[in-house]
Amino acid sequence: MPVAELDSISLLLVYSAMAVYTLSFIAYAVDVARRSAARPAPAEARELVGAGAPALASRPDASAPASQPASVAPAKPGRGARIGFTLIVIAWLLHLAGTVLRGVAAGRVPWSNMYEFALTGVAVIVGVFVVSRLWKDLNFLGVFFSGLATVFLGVATVNYYVAPTPLPPALQSYWLVIHVFVATLATGLFGLGTGLSILQLIKERRDNGFLRSLPAPVQLEDLAYRVGVIGFIFWTFTLIAGAIWAEHAWGRYWGWDTKEVWTFVIWVVYAGYIHARATRGWRGSRSAWLQIIGFVAIIFNFTIVNQFFAGLHAYSGL
């Protein structure tokens, strides 16, 4: 099959994935709205009613002090969340097929320019979310990841798309497979941690409606930290592998190229996040903001640095 035809099918699969990601986002958003509007009865009253007490007992005690609000049983994810997860899995499979087919059309791994790296990076980010279901139910992040995938793929197809081209000489190495794939995996983990940190900040300021169904802020923070540590390990390997590859390609391990500097800046931000939380007791909002700042630095590195800074790593393909 001709390269152009394979690439056209790949693009069609990516557009289809975007459409299904959008439907998933809508389903998750509807579920969030439903649970935000729900006003469940106090948990203590439900226990009384369940034990045979009259339904009138479900009304909160007006004589209770205002400083001691009744605890509320969290609303469980409804049909919208289940539909949203099913749709995001379907979209991810379409997305993955489109990414693989792009690699087949190009005759190499699909991450040698900004369009291909965006395809692969978003596939890994969503894949981390989908696979995390085997470890812990993080379905409450579905609206974040489905929205992120829709926006990122839309930006990539509109602004970064280029036809498949041969690899530049410097990229013709097995390090392309190792270095870039580990970087995308680290980015996926950092994206998951960022979603958890954003919800942590929101829940610290509001705790009603849908937010009551989420884990406590301290639990969200602990999950974000664990994910961030794993991502930091992969990013450290990315930095080391990049230096080794640079020595093979250009005869030096470090040359203060813009991309190298920003990769190191990201490493420093996440190292500071882990160190501050582990040794300085930075908890709560300060910890969450450091995680978010690190992910913003990754997005800046991918978009602004790739497009507007000259250097040996100028492989945007634009």
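General remarks:
- Which listed residue, of 19, 97, 33, is closer than 22 Å to residue 147 by Cβ, modelled with pLDDT of 95 or more and open to solvent by 50 Å² or more (accessible area, probe 1.4 Å): 19
- The set of residues in the range 277-298 being of a type in the set (Phe, Trp, Tyr) and either open to solvent by less than 20 Å² (accessible area, probe 1.4 Å) or over 14 Å from residue 228 (Cα atoms) (or both) consists of 282, 295.
- Entry remark, the range 189-215: residues being modelled with pLDDT of 90 or more and among the small types (Gly, Ala, Ser) number 4 in total.
- Of all residues in the range 106-117, those being open to solvent by 10 Å² or more (accessible area, probe 1.4 Å) and either touching a His at 6+ places or on another chain (Cβ under 9 Å) or among the aliphatic types (A, V, I, L, M) (or both) number 2.
- Count of the range 132-166 residues which are surrounded by fewer than 16 Cβ atoms within 10 Å (Cβ to Cβ) and part of a helix (DSSP H, G or I): 5
- When residue 274 is tested against (1) open to solvent by 40 Å² or more (accessible area, probe 1.4 Å); (2) more than 24 Å from residue 155 (Cα to Cα), exactly one condition is not met: (1).
- Residue satisfying all of: in the range 265-318; over 26 Å from residue 205 (Cα atoms) and of a type in the set (Phe, Trp, Tyr); modelled with the highest pLDDT among these: 267
- Only a single item in (1) without any contact (Cβ under 8 Å) to a residue 24 or more places away in the chain; (2) under 17 Å from residue 228 (Cα atoms) is not met by residue 182, and it is number (1).
- Residue check for residue 129: at pLDDT 90 or above, open to solvent by less than 20 Å² (accessible area, probe 1.4 Å) and of a type outside the set (Gly, Ala, Ser): yes
Every residue, every condition in (1) under 20 Å from the mean Cα position of the chain (by Cα); (2) buried (at least 17 other Cβ atoms within 10 Å of the Cβ); (3) assigned by the TED database to the domain that holds residue 182; (4) closer than 14 Å to residue 191 by Cα, yes or no:
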position	(1), (2), (3), (4)
228	yes, yes, yes, yes
232	yes, yes, yes, yes
240	no, no, yes, no
247	no, no, yes, no
251	no, no, yes, no
260	no, yes, yes, no
263	yes, yes, yes, no
266	yes, yes, yes, yes
304	yes, no, yes, no
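- All positions within the range 196-221 that are among the acidic types (Asp, Glu), assigned to a helix (DSSP H, G or I) and open to solvent by 20 Å² or more (accessible area, probe 1.4 Å): 204
- Meets criteria (open to solvent by less than 40 Å² (accessible area, probe 1.4 Å), farther than 27 Å from residue 109 by Cα and not assigned by the TED database to the domain that holds residue 125) for residue 184: no
The values are calculated or read from the model by the stated rules, or taken from the named source; none is laboratory data. Values in this document were obtained by computation on a predicted structure and should not be read as measured data. Glycine also receives a Cβ, built like all others from the backbone with ideal geometry; neighbour counts cover every protein chain displayed. Surface areas here come from the heavy atoms of the whole protein model, side chains and all, with no ligands, DNA or RNA. Shrake-Rupley method; radii C 1.70, N 1.55, O 1.52, S 1.80 Å.
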